[in-house]
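Asker: Can you keep this structure in mind? I'll have questions shortly.
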Amino acid sequence: MRALAFVLCLLLPVSAAADPYYPSPPAHSELLARQPELAFTGWDSWPVDLELLDRVNRGVNASMSYRPEVRDVWGAGSDCEDYALGKLTALLKAGVPRGALRLAIARVGGHGHAVLVVRDLWVLDSRHDEPLRLDRSGLRLAAWETAKGKWNPAGGFASLADHLRWAGRQSASWGSVARSEQLYHQPSVRRKQ
């Protein structure tokens, strides 16, 4: 029996075998039951406005005081996922399409840490006031949301090239990896002059 369990673990993706958040944090499912309009709708483009991201990230970080929760309830406290949700709702109100914003779980010090990922390239993190590029953030994403409230293991991506190879295999709607690389390596970024 042990041999069978060992073989089955080898057949599972590493993230699935090792990550308790795969495939979906239960508190995320509860959130979507209360607020279905917050569900990720599938990838959508958006010309990144770094000034908006910076303003929202700093504003939400300054407006909240971190407090761990006894029972994890997304959208009802002041821990990392509540920061991420605050940023998500502020950006939605500012006109950013939901498909450009993804909630993600990273591994920090052996624990799960929720962040908001913008266009799969920029990270808004409660521990940093400035938006960080995913490939320069030092974060290892464990999982992130996909359409219909599901979560996929993110495979620990911090390398943009690794993420793009994975994304090209995972989502036919994004087109080829070359197209994805073109989208991500030369993102449209708006800066006021």
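The values are calculated or read from the model by the stated rules, or taken from the named source; none is laboratory data. Just so it is clear, the model here is predicted, and its values are computed rather than measured. Glycine gets a Cβ as well: all are built from the backbone with ideal geometry, and neighbour counts include every protein chain shown.
Asker: If a residue must be among the aliphatic types (A, V, I, L, M) and buried (at least 21 other Cβ atoms within 10 Å of the Cβ), how many such residues does segment 73-84 contain?
Answerer: Applying the first criterion (among the aliphatic types (A, V, I, L, M)) to segment 73-84 yields 73, 76, 84.
With the extra rule that they be buried (at least 21 other Cβ atoms within 10 Å of the Cβ), the set shrinks to 84.
Number of matching residues: 1.
Asker: Counting only residues that are basic (Lys, Arg), in a loop (DSSP other than H, G, I, E, B) and within 19 Å of Asp49 (Cβ to Cβ), how many does segment 101-147 have? Steps first, answer last, please.
Answerer: Looking only at segment 101-147, we keep the residues that are basic (Lys, Arg), and these are 102, 107, 119, 127, 133, 136, 140.
Remaining after also requiring in a loop (DSSP other than H, G, I, E, B): 119, 127.
Applying the additional criterion that residues be within 19 Å of Asp49 (Cβ to Cβ) yields 119.
Here the count works out to 1.
Asker: Just a yes or no: is a residue in segment 17-38 exposed (fewer than 13 other Cβ atoms within 10 Å of the Cβ), at pLDDT 90 or above and under 18 Å from the mean Cα position of the chain (by Cα)?
Answerer: Looking through segment 17-38, at least one residue is exposed (fewer than 13 other Cβ atoms within 10 Å of the Cβ), at pLDDT 90 or above and under 18 Å from the mean Cα position of the chain (by Cα).
This table checks each residue for (1) more than 20 Å from His28 (Cβ to Cβ); (2) among the acidic types (Asp, Glu); (3) modelled with pLDDT of 85 or more.
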residue: Glu51; (1), (2), (3): yes, yes, yes
residue: Asn61; (1), (2), (3): yes, no, yes
residue: Val73; (1), (2), (3): no, no, yes
residue: Ser78; (1), (2), (3): no, no, yes
residue: Ala84; (1), (2), (3): no, no, yes
residue: Ile105; (1), (2), (3): no, no, yes
residue: Ala114; (1), (2), (3): no, no, yes
residue: Asp125; (1), (2), (3): no, yes, yes
residue: Pro153; (1), (2), (3): no, no, no
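Asker: When you scan segment 86-100, how many residues do you find that are without any contact (Cβ under 8 Å) to a residue 40 or more places away in the chain and in a helix (DSSP H, G or I)? Before the answer, list the steps.
Answerer: Taking segment 86-100 and keeping what is without any contact (Cβ under 8 Å) to a residue 40 or more places away in the chain, we get 86-87, 90-93, 95.
This time we only want the ones that are in a helix (DSSP H, G or I), so: 86-87, 90-93.
Summing the residues that are without any contact (Cβ under 8 Å) to a residue 40 or more places away in the chain and in a helix (DSSP H, G or I) in segment 86-100 gives 6.
Asker: Based on this model, can you work out whether Gly99 counts as under 21 Å from Ala33 (Cα atoms) and over 14 Å from the mean Cα position of the chain (by Cα)? Before the answer, list the steps.
Answerer: Details: under 21 Å from Ala33 (Cα atoms): yes; over 14 Å from the mean Cα position of the chain (by Cα): no.
Judged against the criteria, Gly99 is not a match.
Asker: Restricting to segment 31-53, give me the number of residues that are in contact with a strand residue (DSSP E or B) (Cβ under 7 Å, 6 or more places away or on another chain) and more than 13 Å from Leu121 (Cα to Cα).
Answerer: Residues that pass the stated criteria total 1.
Asker: Would you pick out the residues in segment 62-85 that are under 17 Å from the mean Cα position of the chain (by Cα) and either closer than 14 Å to Asp129 by Cα or part of a loop (DSSP other than H, G, I, E, B) (or both)?
Answerer: At the first step, the residues of segment 62-85 found to be under 17 Å from the mean Cα position of the chain (by Cα) are 74-75, 79-85.
Those that are under 17 Å from the mean Cα position of the chain (by Cα) and either closer than 14 Å to Asp129 by Cα or part of a loop (DSSP other than H, G, I, E, B) (or both): Trp74, Gly75, Asp79, Cys80, Tyr83, Ala84.
Asker: Please pick out the residue among Asp135, Asp129 that is at pLDDT below 85, over 28 Å from Glu30 (Cβ atoms) and not aliphatic (A, V, I, L, M). Step through it out loud before you land on a result.
Answerer: Working: Asp129 fails: at pLDDT below 85.
Exactly one of Asp135, Asp129 is at pLDDT below 85, over 28 Å from Glu30 (Cβ atoms) and not aliphatic (A, V, I, L, M), namely Asp135.
Asker: Still on this structure, please answer the following. How many residues are closer than 16 Å to Tyr83 by Cα and crowded, with 20+ Cβ neighbours inside 10 Å if we restrict to segment 97-112?
Answerer: Qualifying residue count for the region: 6.
Asker: In segment 61-87, which residues are out of contact with any helix residue (DSSP H, G or I) (no Cβ under 7 Å at 6 or more places or on another chain) and either among the aromatic types (Phe, Trp, Tyr) or within 16 Å of Trp144 (Cβ to Cβ) (or both)?
Answerer: Within segment 61-87, Tyr66, Cys80, Glu81, Ala84, Leu85 qualify.
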